[in-house]
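Structure, as structure tokens:
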Amino acid sequence: MSELRPIIDDIASRADDFLAGVRDRTQARAGIEEAITIDYPGIDPADRREIVTGVMQVLEDEDFFGTEFVGDPFSEPEEPDEE
């Protein structure tokens, strides 16, 4: 993977631009695939998979996708107000 690291870093560094508003990992993978197709058309399928995996790992490490849950997942649910 070391020879693919510059490509992974390049795509990950630009992810904010081409994945703006994307919070779904499936859509992110598709966007990364598209970036590879446009910017690195000669990449073979095995390297492509490795690049996508590498970029996704960088994005996960940077908390690109945010949290899965809003609020405190350990708190008790609020009771609805009765009127």
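The values are calculated or read from the model by the stated rules, or taken from the named source; none is laboratory data. This one's a predicted model, so the numbers in the text were calculated from it and none came from an experiment. All Cβ positions, even for glycine, are placed from backbone atoms using ideal geometry, and neighbour counts span all protein chains on display.
From the list 58, 22, exactly one residue is among the hydrophobic types (A, V, I, L, M, F, W, C) and modelled with pLDDT under 90. Which is it?
22
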Q. Of all the residues that make up region 25-55, how many are outside any helix (DSSP H, G or I) and without any contact (Cβ under 8 Å) to a residue 24 or more places away in the chain?
A. 3
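Give the residue that is modelled with the lowest pLDDT, with candidates limited to residues of region 61-83 that are exposed (fewer than 10 other Cβ atoms within 10 Å of the Cβ) and within 30 Å of residue 10 (Cα to Cα). First the steps, then the outcome.
Keep residues of region 61-83 that are exposed (fewer than 10 other Cβ atoms within 10 Å of the Cβ), which gives 61, 63, 66-83.
Checking the rest, the ones that are also within 30 Å of residue 10 (Cα to Cα) come to 61, 63, 66-69.
Values: 61: 91, 63: 88, 66: 76, 67: 57, 68: 51, 69: 46.
Once the filter is applied, the top-ranked residue is 69.
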